[in-house]
Amino acid sequence: MKKLKCISFDEDLDIIDVESTFTRGLPGLSIVGLANTAIKESTERIKATLLSCDFNFPARKITINLSPSGIPKRGSHFDLAIAILILLQNEELDDFFVVGELGLDGSIKSTNELFSLLLFLSTKLKKAQIVVPKSIAMKAAMIPNLEVYALENLNEALEFFKEKNYEKFKLRQTHPLFENPLILNDEIFIQNKDFSLDFIDVKGQNQAKKASLIAALGMHNVLFEGSPGSGKSMCAKRLVYIMPPQSLNEVLMQNAYMSLNSKDCEFKQVRVFRHPHHTSTRASIFGGGAKHAKIGEVALANGGVLFFDEFPHFDKQVIESLREPLEDYKIHISRVNSKITYETKFSFVAAQNPCPCGNLFSKNLTCNCSQNEIKKYKARISSPILDRIDLYVAMDEVDKNDKPSLSSKEMSDMVFEAFIFGKKRGQKEFNGKLKDEDLKYFCVLENSAKDTLDLAISRYKLSQRAINKTLKVARSCADFAKSENIEKAHILEALSFRIKNESL
């Protein structure tokens with residue numbers, strides 16, 4: 001029996017052993033081990049390819065087993081591994097991952113999901129030797145933890161495995177993004193140097209900028225409310241440019257998710273920004289499909305920002321469906337043929353007008369909305385959703401005397417210093433994504449801060465979720481002040497950003 005390794009993705013990335021055996025019996029080629037249609041169709045494709053290469057099939061029964069047998073496998077990238085096992089039935093094969101689809105002329109091709117599979121593999125193993133199609137090799141070589149060998153056709157595959165001429169096909173290139181990484185606590189981070197969208201363009205709005213700093217540092221959820229043109233969208237779109245450096249795992253996962261969305265992606269120093277329109281369907285935002293679970297905007301925003309502009313105009317079902325991913329930081333998509341779980345750790349940013357016409361906060365324009373219209377408009381956002389918002393900002397009306405203040409570069413430096421302070425504390429998660437059980441370790445209150453929080457809980461009937469949100473925001477405020485413990489001023493600042501009826 002001969003064996004090579006391959007990979008498949010169903011509910012999770014699985015490492016598959018591709019095994020072959022030649023036994024007595026009627027000549028034929030069969031594939032067993034819960035292979036889907038694409039894999040089973042490869043029998044005819046592989047036969048045609050090998051015959052075109054003047055290969056004579058032995059008068060034996062060839063059985064290909066995909067192990068573990070209980071895991072469903074899908075994808076045409078198993079072709080190359082199967083063909084090699086047939087071609088080199090009498091050769092000793094070294095331990096390689098082998099992926100690639102075969103053309104009838106013997107060429108080795110890539111597939112839509114192959115890049116995402118390689119990215120997931122790099123997060124699962126510290127080092128893997130992998131043979132890939134030459135067309136994708138340049139990108140694959142940029143993925144850390146992978147030792148990549150590029151093959152263009154079956155003839156090169158024969159030279160590689162039979163003559164063991166590995167060095168000839170090895171790629172040693174590294175993506176420029178990973179050449180000078182930031183190392184913190186033995187973890188690799190990529191710092192952003194791109195400030196294409198600058199907060200210097202946002203005049204005035206000091207409270208909104210402060211909220212943006214806190215949201216960026218802790219990956220908190222924030223709601224901007226204000227009149228049209230007050231700068232809500234401008235602040236939201238600039239948030240990713242001041243967020244902390246991405247970890248290596250975040251960069252890889254972001255690109256893996258983009259690849260699952262059938263998009264050609266590149267490694268970027270700026271975190272991902274997703275901005276679905278309010279007319280988007282629930283399936284496009286949360287993922288879904290008739291048979292297979294496809295990725296949606298909520299998962300694609302992982303590690304970055306998900307921005308809902310005109311928040312109340314989104315479908316009510318879409319708004320309410322945000323509860324689970326905002327609370328559990330995961331989304332589960334279940335279909336007949338697949339069940340997939342995606343991480344959803346992102347900063348949720350929403351923007352809305354104070355009333356249907358947008359002039360409720362205006363000092364110069366008249367609001368023509370009735371109390372019932374305003375109440376109905378605001379009621380579209382339920383209390384459980386508002387309870388998941390960390391920061392609420394009432395945007396100031398634009399004034400002719402408003403001037404620019406902080407730039408994105410300055411804000412990014414402030415966030416970076418606070419981020420380093422938090423890392424020295426030994427904290428791995430963002431403040432806004434801390435688990436409730438971790439709050440007692442990282443959100444230690446001074447006595448005066450505890451008294452202030454207790455007073456707010458009693459006076460404003462804060463829910464347990466609201467209390468935890470306040471602690472997480474206060475932790476971010478304390479990090480900016482480089483304070484080990486949370487002080488009274490930090491609790492007061494966190495409470496000042498609560499929704500109106502809960503603010504101190």
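Starting from the range 118-138, keep only residues that are more than 19 Å from Asp12 (Cβ to Cβ), then list their pairs with residues that are of a type in the set (D, E, K, R) and modelled with pLDDT of 85 or more whose Cβ atoms are within a distance under 7 Å, requiring at least 6 positions of separation or different chains.
So the pair list comes out as Lys127/Glu147; Gln129/Glu147; Pro133/Lys109; Lys134/Glu152; Ser135/Lys109.
Just the residues that are in a loop (DSSP other than H, G, I, E, B), touching a Gly at 6+ places or on another chain (Cβ under 9 Å) and β-branched (Val, Ile, Thr), please, taken from the range 108-144.
Correct list: Thr111 only.
Residues being in contact (Cβ under 8 Å) with a residue 24 or more places away in the chain and acidic (Asp, Glu): count how many of those fall in the range 139-155.
Total satisfying the criteria: 1.
Residues of the range 481-504 being over 28 Å from Asp328 (Cβ atoms), in contact (Cβ under 8 Å) with a residue 40 or more places away in the chain and in a helix (DSSP H, G or I), which ones?
Once the filter is applied, which keeps residues that are over 28 Å from Asp328 (Cβ atoms), in contact (Cβ under 8 Å) with a residue 40 or more places away in the chain and in a helix (DSSP H, G or I), the range 481-504 yields Lys488, Leu492.
Which of the residues that make up the range 164-192 are in contact (Cβ under 8 Å) with a residue 12 or more places away in the chain and assigned to a loop (DSSP other than H, G, I, E, B)? Walk me through it before giving the result.
The first filter runs over the range 164-192 and keeps only residues in contact (Cβ under 8 Å) with a residue 12 or more places away in the chain, leaving 164, 166, 169-175, 177-178, 181-182, 184-185, 187-192.
Of everything in the range 164-192, those that are in contact (Cβ under 8 Å) with a residue 12 or more places away in the chain and assigned to a loop (DSSP other than H, G, I, E, B) turn out to be Lys164, Leu171, Arg172, Gln173, Thr174, His175, Pro181, Asn185, Gln191, Asn192.
In the range 56-76, how many are surrounded by fewer than 19 Cβ atoms within 10 Å (Cβ to Cβ) and under 17 Å from Gly100 (Cβ atoms)?
Here the count works out to 0.
Condition first: over 15 Å from Leu217 (Cα atoms) and open to solvent by 10 Å² or more (accessible area, probe 1.4 Å). Now tell me which residues in the range 458-478 satisfy that.
Correct list: Ser458, Arg459, Tyr460, Lys461, Leu462, Ser463, Gln464, Arg465, Ile467, Asn468.
Between a first residue in the range 1-24 that is farther than 17 Å from Phe161 by Cβ and open to solvent by 50 Å² or more (accessible area, probe 1.4 Å) and a second residue that is among the polar types (S, T, N, Q) and assigned to a loop (DSSP other than H, G, I, E, B), which pairs have beta carbons less than 9 Å apart while being 6 or more apart in sequence or on different chains?
Glu11/Ser338
Scan (1) touching a helix residue (DSSP H, G or I) at 6+ places or on another chain (Cβ under 7 Å); (2) without any contact (Cβ under 8 Å) to a residue 40 or more places away in the chain for the single condition His275 breaks and write down its number.
Here His275 meets the rest and fails (1).
Give me a count of the residues in the range 321-361 that are within 19 Å of Leu391 (Cα to Cα), outside any strand (DSSP E or B) and open to solvent by 10 Å² or more (accessible area, probe 1.4 Å).
So the answer is 8.
Taking the range 218-231 only, how many residues are modelled with pLDDT of 95 or more and open to solvent by 10 Å² or more (accessible area, probe 1.4 Å)?
Of the residues in the range 218-231, 0 are modelled with pLDDT of 95 or more and open to solvent by 10 Å² or more (accessible area, probe 1.4 Å).
Can you tell me how many residues within the range 193-244 are closer than 24 Å to Leu182 by Cα and not in a helix (DSSP H, G or I)?
Initial filter on the range 193-244 (closer than 24 Å to Leu182 by Cα): 193-198, 212-220, 238-244.
Filter once more, keeping what is not in a helix (DSSP H, G or I): 193-198, 219-220, 242-244.
Number of matching residues: 11.
How about the range 30-42: which of its residues are at pLDDT below 90 and of a type outside the set (A, V, I, L, M, F, W, C)?
Of everything in the range 30-42, those that are at pLDDT below 90 and of a type outside the set (A, V, I, L, M, F, W, C) turn out to be Asn36, Thr37, Lys40, Glu41, Ser42.
Which one is surrounded by the fewest Cβ atoms within 10 Å (Cβ to Cβ) among residues in the range 138-167 that are aliphatic (A, V, I, L, M) and over 25 Å from Glu92 (Cα atoms)? Can you show your working first?
Initially, the range 138-167 is screened for residues aliphatic (A, V, I, L, M), giving 138, 140-143, 146, 148, 150-151, 154, 157-158.
Next, from what is left, pick out any that are over 25 Å from Glu92 (Cα atoms): 138, 140-143.
On the way: Met138: 14, Ala140: 24, Ala141: 19, Met142: 19, Ile143: 24.
Ranking the qualifying residues of the range 138-167, first place goes to Met138.
Got at least one residue in the range 47-55 being open to solvent by less than 10 Å² (accessible area, probe 1.4 Å) and in contact with a Leu (Cβ under 9 Å, 6 or more places away or on another chain)? Steps first, answer last, please.
Initially, the range 47-55 is screened for residues open to solvent by less than 10 Å² (accessible area, probe 1.4 Å), giving 49-50.
So of that shortlist, the ones also in contact with a Leu (Cβ under 9 Å, 6 or more places away or on another chain) come out as 49-50.
Within the range 47-55 (the criterion being open to solvent by less than 10 Å² (accessible area, probe 1.4 Å) and in contact with a Leu (Cβ under 9 Å, 6 or more places away or on another chain)), the answer is yes, since at least one residue qualifies.
For the range 367-378, state whether one or more residues are among the hydrophobic types (A, V, I, L, M, F, W, C) and within 27 Å of Glu297 (Cα to Cα).
Of all residues in the range 367-378, those among the hydrophobic types (A, V, I, L, M, F, W, C) come to 367, 369, 374.
Filter once more, so that each one left must be within 27 Å of Glu297 (Cα to Cα): none.
No, that holds for no residue.
If the Cβ limit is 7 Å and pairs must be 6+ apart or interchain, which residue in the range 80-93 that is modelled with pLDDT under 90 pairs with which residue that is open to solvent by 10 Å² or more (accessible area, probe 1.4 Å)?
Partner pairs satisfying both residue conditions: Gln89/Lys2; Gln89/Phe22; Glu91/Lys162.
Please determine, by comparing only the residues of the range 168-212 that are among the polar types (S, T, N, Q) and buried (at least 18 other Cβ atoms within 10 Å of the Cβ), which one is nearest to Leu158 (Cα to Cα).
Taking the range 168-212 and keeping what is among the polar types (S, T, N, Q), we get 173-174, 180, 185, 191-192, 196, 205-207, 212.
Checking the rest, the ones that are also buried (at least 18 other Cβ atoms within 10 Å of the Cβ) come to 192, 205, 212.
Numbers: Asn192: 44, Gln205: 65, Ser212: 57 Å.
Among those residues, the one meeting the criterion is Asn192.
The values are calculated or read from the model by the stated rules, or taken from the named source; none is laboratory data. All values reported here derive from a predicted model rather than from experimental measurement. Cβ: placed from backbone, ideal geometry, glycine included. Neighbour counts: every protein chain shown. To get the accessible areas, we keep the full protein, side chains included, count just its heavy atoms, and leave off ligands, DNA and RNA. Shrake-Rupley method; radii C 1.70, N 1.55, O 1.52, S 1.80 Å.
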